[in-house]
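These notes are about the structure you will find just below.
The values are calculated or read from the model by the stated rules, or taken from the named source; none is laboratory data. Quantities reported herein were computed from a predicted structural model and do not represent experimental measurements. We place every Cβ from the backbone using ideal geometry, glycine too, and count neighbours over all the protein chains shown.
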Amino acid sequence: MSGQGVAEIDGAAHRFEHGHTVDIPLKATHRVSCTGDQPLIFIEIQYGELLDENDIIRLSDDYNRV
């Protein structure tokens with residue numbers, strides 16, 4: 001949507017910006033970070049049989065949710 005960022009997926013960094021898509025495989029460890037001067041705004045789409053926040057296992061978190 002807007003901004004620049006990096007998606008870390010299973011230890012590999014993938015830079016992205018407006019117009020790009022990032023696919024995260026099932027059960028992949030991942031995190032998204034803003035790398036630009038402007039806020040990063042993006043759309044997350046989840047699909048499958050279980051669409052619930054309870055399927056998240058937090059390994060690391062900048063907001064003390066671990």
### Task
Could you grab me the full set of residues in the stretch 42-55 that are over 23 Å from GLY3 (Cβ atoms) and at pLDDT 75 or above?
TYR47, GLY48, GLU49, LEU50, LEU51, ASP52, GLU53, ASN54
### Query
Taking interchain pairs and intrachain pairs at least six residues apart, which have beta carbon atoms under 7 angstrom, with the first residue in the stretch 7-19 and more than 11 Å from ARG31 (Cα to Cα) and the second of a type outside the set (Val, Ile, Thr)?
PHE16/GLY5; PHE16/ALA7; GLU17/GLN4; HIS18/MET1; HIS18/SER2
### Total residues in the stretch 16-37, condition farther than 24 Å from ARG58 by Cβ and among the charged types (D, E, K, R)
2
### Query
How many of the residues in the stretch 22-34 are in a loop (DSSP other than H, G, I, E, B) and either within 11 Å of the chain's Cα centre (by Cα) or at pLDDT 95 or above (or both)?
5
### Whichever residue in the stretch 35-61 is exposed (fewer than 10 other Cβ atoms within 10 Å of the Cβ) and of a type in the set (Asp, Glu) and, among such residues, is farthest from the chain's Cα centre (by Cα)
GLU49
### Query
Does any residue of the stretch 3-14 turn out to be within 11 Å of the chain's Cα centre (by Cα), part of a loop (DSSP other than H, G, I, E, B) and surrounded by 10 or more Cβ atoms within 10 Å (Cβ to Cβ)?
no
### Task
State the number of residues belonging to the stretch 15-34 that are of a type in the set (Val, Ile, Thr) and surrounded by 13 or more Cβ atoms within 10 Å (Cβ to Cβ).
3
